[in-house]
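Colleague: One structure coming up, written as structure tokens, with questions to follow.
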Amino acid sequence: MIEIKDLWYTYPGRSEPTLKGINLTVEKGEFVLLTGPTGCGKSTLLKTLNGIIPHESGGIFSGSVKVKGLETVDSNQMEISKEVGLVFQNPDDQIFSTTVEDEVAFGPENLCFEPKEIDRKIGEALEIVGMADHRLASTNALSGGQKQRICIASMLAMMPEILAMDEPVSQMDPMGTREVLNTVRELNRKLKTTILLVEHRLHELASFVDRIVIMDDGKIIFDQPASKAFDYLEVFYRLGLRIPEPVELCHSLGIKASPLSVKGAIAVLNRENFKENIKDPQNILNVEEIPSIHALDNLSTHVVDNHSIYEIKTPSKPALDNSPIISIQDLWSGYEKNKMVLKGINLEINKGERVAIMGTNGSGKSTLLLHLAAILKPHKGNVKVFGEDTRPKNPYSFAGRVGFVFQNPDLMLFCDSAEEEARFGPVQLKYNDIEERVRESLEAMSILHLKHDHPQALSRGQRLRTAVASVLSINPEIILLDEPTTGQDRVNIEQMMDFFKNNNSTMVFCTHDIEVAMSYATRILVMNEGQIIADGKGKEVIKDVESLRKASLTQPPVVKIANHLGIDAFSVKELVEMLTCRNPEAMKC
Amino acid sequence: MIGARSIAEPTIKDTVIHRIDPRAKILILISTAFIAVALDNPKTMFLLFLTVLFGFALARMPAIKIKTLALLLVFLIWGTIYSQALFYSQLPRTVIFTIISPDFPVLGWLTNGGLFVYEEGLHHGAIQGLRSASILSLGLLMCWTTDSRDMLNGMVGLKVPYSVAFMVVTAVRFLPIIITEIATVVTVQRLRGFNPKRIGSGMIKTLLNILTPTLANCVRRTGTLAVSIQSRAFRSNLNRTYLKKLKFSDADKIVIVVFVFTATSIVIIKFLYSMYTSGIYYTSGLRPVYAIARGYL
């Protein structure tokens, strides 16, 4: 179906090639996940499939890309467009029509189908993605997941045999992600559509795909069936790619198996008699007695008479202060009077807390965050930050005390260099030790060597780190992060979040990533339809299956596995520690 | 931020204004522009302005859009009247207020003989203001009551090349997003201790600071959109088909005829009248026409 041989490509104006001798063959009906660190050339490779590179882009192109036997360089782009559909990360950047029907009709109209045929194709495409009822809906009224399904439908209406998708779920909540992935999987199974999907969230997608291909620095360095890919974990670790928890668990337990799903992991554990060997789960040390996930790094265990004794070195707990730094009472807020986004929020956040806000798209997470920086004013109720009512204030009033990292860091970068970006805040606020602050913040984000570079010319991960450095140099008392992990690879996420954690900052962040929330938050809020439906320590919230279900969240795989085994564990490390302490004879390592 | 978006996006309802064919709307707008430019009579001009405003009532526009319109009209009409009142250069002119006397030290000399508010200038400014306000209001009414796809089809129906029409409509479609982004950049600056509203250097610096991230984002978004539409075979063929074919209703046809006829008539009458007043052509048979032009137009 796709045959790429010795493909080299250099963008116009660049000296270094982005693709360096790519060789790849994809068979009809395969579902291939293409992953790798940011800037490795994944998206560029996708664009070669339907001839956008080199037909529209220019640049230096050599090698061969054949789609269904057609050499893309020599073919008419209309011909290739019929065969390969492209779907991108942000549906808002792709949708330009105001109704669903018009958006889906665009491709068939360009291909000169008759109106009756176009009408039929729209119906079929929307049916496949489960959006037939929304045919006449406004595209603005759809959720992120629905919009992305419309993007897929607009490609399907052209009936391509290949669907190439560039991070289609990176901005979506778990429900939207599931909607899109299930749709794509169905297409692959029922219509035998060949899927080539680029995504960082390898750990969530691995169970859907047939094959995993990893790129690094413009080359394909790894190509294995999904069932065998995780036999080579060192590659994933080296490139900072996240591994599915069931795989990590089995490998940590020394089991030579790579189950991609919870079901698979349970089957493996059952086969290894883990459950049977845990005769009395009550005897296992309760997880609440374990100080923290991160303390386990410094943990050593001894087994004495089938009881676990933990020698714990001092854990790095945040310095919590019981005085509330943020206080919200009966907050109602909305963008239209008859459509409230926040409905009676009551919340107190103490100094030093790291609070994760989770929930579906549109549940009010970002709106709540905007209130904490006085960017929005309450419709009813009040918000107090540092004891000051935000109603008569504006963001300038809290400059230097509240730092905000927006979901799109690009909008935070307006200076001519990364160094200037970090200097901007301290200069405006007339701080004394400006140069030291600049250096420290750039160093903390590992971008000191890029200090003279223009921020907008940096890679996506580097742009995020520059935006964070611009906030860090001010050293605000409260840091607000609006979905900081979106579209970022693991290394970038960990570097940023580790810094905030080690700095004991008071931090409030929105995220869809339950594993990040569990790892970095001292407290998790779950929001649904403008209300807080769960609020507590990560481990408490994660047990509240009903609240998670309401917010379309699910427990992380490792928690589900632990539940099956009848024990409380909230991370792979915890579960491994508990299983190995209780059941050393089951270890095969 | 969301408010800014809802101002720029059309409000789709089922009203008599919304039901007008987009081609008819474009023709009405063009006709009205001709009428507004041709008219000089303040009363008729005011009547035209009121007629356009009545369109907003018929279209049942939401309050946020009415407020936006009111704000724009106040700035536009007040700005035009005030500037014309100060800088009116035709004679005769009657001074009704002195801002800077010719004898005032330095400023009197700098303003070349003082600065005055003229009665005729106010009168002229009011006509100019109403002229611009009528066209602006009707333009907004058209944009706020027409789906962007219909507008695109309307332009194509009036023989605007598809690529050009697509670019125009897409630019309008992304305007609300750009407004939201500008608001975000301003907020970012404020949170980092900069006061964008500070008069003078603050405002200039703010504008420059807004430019870089919003332009960079626009370029990135445009790149994605370009690739997305190319992969949907945009311009891959000289012709294309359309799912919906626009069809004029009888009401549309009547409206077009009325507006085009009125605009043509007014322009011709004004043309004949101006030939008469400038002494180029006169015939007694056209006296009723001259009377209409003098009295109402």
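The values are calculated or read from the model by the stated rules, or taken from the named source; none is laboratory data. Keep in mind it's a predicted model, so treat the numbers as computed, not measured. Cβ atoms come from the backbone with ideal geometry, glycine included; neighbour counts cover every protein chain shown.
Colleague: Please work out which residue is nearest to B:Ser231 (Cα to Cα), limiting yourself to segment A:108-117 and to residues that are in a helix (DSSP H, G or I) and among the acidic types (Asp, Glu).
Modeller: Within segment A:108-117, the match that is nearest to B:Ser231 (Cα to Cα) is A:Glu109.
Colleague: Please note which helices (runs of 4 or more DSSP H) are completely contained in segment A:507-589 and include at least 1 residues that are within 22 Å of the chain's Cα centre (by Cα) and within 27 Å of A:Lys351 (Cβ to Cβ).
Modeller: The helices (runs of 4 or more DSSP H) meeting that bar are A:514-520, A:538-543, A:545-550.
Colleague: Okay, next question. Surrounded by fewer than 19 Cβ atoms within 10 Å (Cβ to Cβ), outside the structural domain of B:Ile178 (by TED's automatic domain parsing) and among the charged types (D, E, K, R): which single residue out of B:Arg220, B:Arg287 fits that description?
Modeller: B:Arg287 is the lone residue from the list that is surrounded by fewer than 19 Cβ atoms within 10 Å (Cβ to Cβ), outside the structural domain of B:Ile178 (by TED's automatic domain parsing) and among the charged types (D, E, K, R).
Colleague: Could you tell me which of the residues B:Leu47, B:Leu73, B:Leu53 is within 13 Å of B:Met142 (Cα to Cα) and at pLDDT 90 or above?
Modeller: B:Leu53
Colleague: Still on this structure: Among the residues of segment B:37-58 satisfying the criterion of being over 23 Å from B:Arg294 (Cα atoms) and over 16 Å from the mean Cα position of the chain (by Cα), which is surrounded by the most Cβ atoms within 10 Å (Cβ to Cβ)?
Modeller: B:Leu58
Colleague: Here are the criteria: (1) within 23 Å of A:Leu181 (Cα to Cα); (2) facing chain B (nearest Cβ under 8 Å). Tell me which single one A:Glu103 does not satisfy.
Modeller: Exception for A:Glu103: condition (2).
Here is a yes/no grid of residues against (1) crowded, with 19+ Cβ neighbours inside 10 Å; (2) assigned to a helix (DSSP H, G or I); (3) of a type in the set (Gly, Ala, Ser); (4) out of contact with any Cys (no Cβ under 8 Å at 6 or more places or on another chain):
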| residue | (1), (2), (3), (4) |
| --- | --- |
| B:Ser137 | yes, yes, yes, yes |
| B:Thr146 | yes, no, no, yes |
| B:Asn153 | yes, yes, no, yes |
| B:Val164 | no, yes, no, yes |
| B:Leu175 | no, yes, no, yes |
| B:Ile178 | no, yes, no, no |
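Colleague: Given B:Tyr296, B:Tyr276, which one is closer than 20 Å to B:Asn41 by Cβ, under 27 Å from the mean Cα position of the chain (by Cα) and either of a type in the set (Phe, Trp, Tyr) or outside the structural domain of B:Leu29 (by TED's automatic domain parsing) (or both)? Show your work before the answer.
Modeller: Numbers: B:Tyr276 fails: under 27 Å from the mean Cα position of the chain (by Cα).
Checking each option against the conditions leaves just B:Tyr296.
Colleague: Test A:Ala125 against the stated conditions and say whether it is surrounded by 24 or more Cβ atoms within 10 Å (Cβ to Cβ), among the small types (Gly, Ala, Ser) and out of contact with any Lys or Arg (no Cβ under 8 Å at 6 or more places or on another chain). Reasoning before the result, please.
Modeller: Working: surrounded by 24 or more Cβ atoms within 10 Å (Cβ to Cβ): yes; among the small types (Gly, Ala, Ser): yes; out of contact with any Lys or Arg (no Cβ under 8 Å at 6 or more places or on another chain): yes.
So A:Ala125 fits the description; yes.
Colleague: Output yes when any residue across segment A:121-144 is among the charged types (D, E, K, R), in contact with a Phe, Trp or Tyr (Cβ under 9 Å, 6 or more places away or on another chain) and in a helix (DSSP H, G or I), and no when none is.
Modeller: Yes, segment A:121-144 has at least one match.
Colleague: Identify all residues within segment B:226-258 that are touching a Cys at 6+ places or on another chain (Cβ under 8 Å) and more than 7 Å from every other protein chain (Cβ to nearest Cβ); write none if there are none.
Modeller: Hits for segment B:226-258: nothing passes.
Colleague: Could you pull out every one of the strands (runs of 3 or more DSSP E) wholly within segment A:1-107 that has 2 or more residues that are over 30 Å from B:Val172 (Cα atoms)?
Modeller: Of the strands (runs of 3 or more DSSP E) lying wholly inside segment A:1-107, those with at least 2 residues that are over 30 Å from B:Val172 (Cα atoms) span A:2-10, A:19-26, A:31-35, A:60-67.
Colleague: Here's something else I'd like to know. Under the condition of being closer than 20 Å to A:Arg401 by Cβ and in contact (Cβ under 8 Å) with a residue 60 or more places away in the chain, which residue from segment A:452-471 is farthest from the other protein chains (Cβ to nearest Cβ)?
Modeller: The residue in question is A:Val468.
Colleague: Based on what the data block shows, is A:Ile4 under 30 Å from the mean Cα position of the chain (by Cα), away from chain B (no Cβ under 14 Å) and under 18 Å from B:Ser231 (Cβ atoms)?
Modeller: Numbers: under 30 Å from the mean Cα position of the chain (by Cα): yes; away from chain B (no Cβ under 14 Å): yes; under 18 Å from B:Ser231 (Cβ atoms): yes.
Taking the combined requirement at face value, the residue satisfies it.
Colleague: Limited to segment A:378-423, what total is found for residues that are hydroxyl-bearing (Ser, Thr, Tyr) and either under 26 Å from the mean Cα position of the chain (by Cα) or at positive phi (or both)?
Modeller: Adding up the residues that qualify gives 0.
Colleague: If you take just the helices (runs of 4 or more DSSP H) that sit entirely in segment B:188-297, which of them hold at least 1 residues that are within 30 Å of A:Ser473 (Cβ to Cβ)?
Modeller: Answer list for segment B:188-297: B:201-230.
Colleague: Right, next: Quick one: in segment B:182-225, which of the residues that are over 25 Å from A:Pro426 (Cβ atoms) and facing another protein chain (nearest Cβ under 7 Å) is modelled with the highest pLDDT? So that I can check it myself, show each step before the final result.
Modeller: From segment B:182-225, those over 25 Å from A:Pro426 (Cβ atoms) are B:215, B:217-225; that's our starting set.
Adding the requirement that they be facing another protein chain (nearest Cβ under 7 Å) leaves B:217, B:221, B:224-225.
Details: B:Asn217: 85, B:Arg221: 81, B:Thr224: 79, B:Leu225: 82.
In this case the residue turns out to be B:Asn217.
Colleague: Could you tell me whether A:Phe113 is over 34 Å from the mean Cα position of the chain (by Cα) and under 18 Å from B:Arg149 (Cβ atoms)?
Modeller: Yes, satisfied.
Colleague: Look at A:Ser519 and say whether it is out of contact with any His (no Cβ under 9 Å at 6 or more places or on another chain) and among the polar types (S, T, N, Q). So that I can check it myself, show each step before the final result.
Modeller: On the way: out of contact with any His (no Cβ under 9 Å at 6 or more places or on another chain): no; among the polar types (S, T, N, Q): yes.
Here the answer is no, as A:Ser519 does not meet what is asked.
Colleague: Let me ask another. Regarding segment B:1-13, can at least one residue be identified that is free of Cβ contacts under 8 Å to residues at least 12 places away in the same chain and surrounded by fewer than 19 Cβ atoms within 10 Å (Cβ to Cβ)?
Modeller: For segment B:1-13, residues free of Cβ contacts under 8 Å to residues at least 12 places away in the same chain and surrounded by fewer than 19 Cβ atoms within 10 Å (Cβ to Cβ): absent.
Colleague: Mind listing whichever residues of segment A:476-487 are more than 10 Å from every other protein chain (Cβ to nearest Cβ) and in contact (Cβ under 8 Å) with a residue 60 or more places away in the chain?
Modeller: Kept after step one, since they are more than 10 Å from every other protein chain (Cβ to nearest Cβ), are these residues of segment A:476-487: A:477-479, A:481-487.
Within segment A:476-487, A:Glu477, A:Ile478, A:Ile479, A:Leu481, A:Asp482, A:Glu483, A:Pro484, A:Thr486, A:Gly487 qualify.
Colleague: Then there is this: So is A:Glu79 surrounded by fewer than 17 Cβ atoms within 10 Å (Cβ to Cβ), within 32 Å of the chain's Cα centre (by Cα) and under 26 Å from A:Ala125 (Cβ atoms) or not? Full working, then the answer.
Modeller: Values: surrounded by fewer than 17 Cβ atoms within 10 Å (Cβ to Cβ): yes; within 32 Å of the chain's Cα centre (by Cα): no; under 26 Å from A:Ala125 (Cβ atoms): yes.
Answer is no for this residue.
Colleague: Can you tell me how many residues within segment A:370-404 are hydrophobic (A, V, I, L, M, F, W, C), surrounded by 19 or more Cβ atoms within 10 Å (Cβ to Cβ) and more than 12 Å from every other protein chain (Cβ to nearest Cβ)?
Modeller: 2
Colleague: Just the residues that are of a type in the set (A, V, I, L, M), outside any helix (DSSP H, G or I) and more than 14 Å from chain B (Cβ to nearest Cβ), please, taken from segment A:405-451.
Modeller: A:Met445, A:Ile447, listed by residue number.
Colleague: Any residue that is at the interface with another protein chain (Cβ under 9 Å from one of its Cβ atoms) and within 21 Å of B:Asp147 (Cα to Cα) - is there at least one of those in segment A:143-165?
Modeller: Yes, because at least one residue in segment A:143-165 is at the interface with another protein chain (Cβ under 9 Å from one of its Cβ atoms) and within 21 Å of B:Asp147 (Cα to Cα).
Colleague: Give the residues of segment B:144-181 that are among the β-branched types (Val, Ile, Thr) and either more than 10 Å from every other protein chain (Cβ to nearest Cβ) or over 30 Å from A:Ile479 (Cα atoms) (or both), sorted by residue number. Spell out the reasoning first.
Modeller: Taking segment B:144-181 and keeping what is among the β-branched types (Val, Ile, Thr), we get B:145-146, B:156, B:160, B:164, B:168-170, B:172, B:177-180.
Scanning segment B:144-181 gives B:Thr145, B:Thr146, B:Val156, B:Val160, B:Val164, B:Val168, B:Val169, B:Thr170, B:Val172, B:Ile178, B:Ile179.
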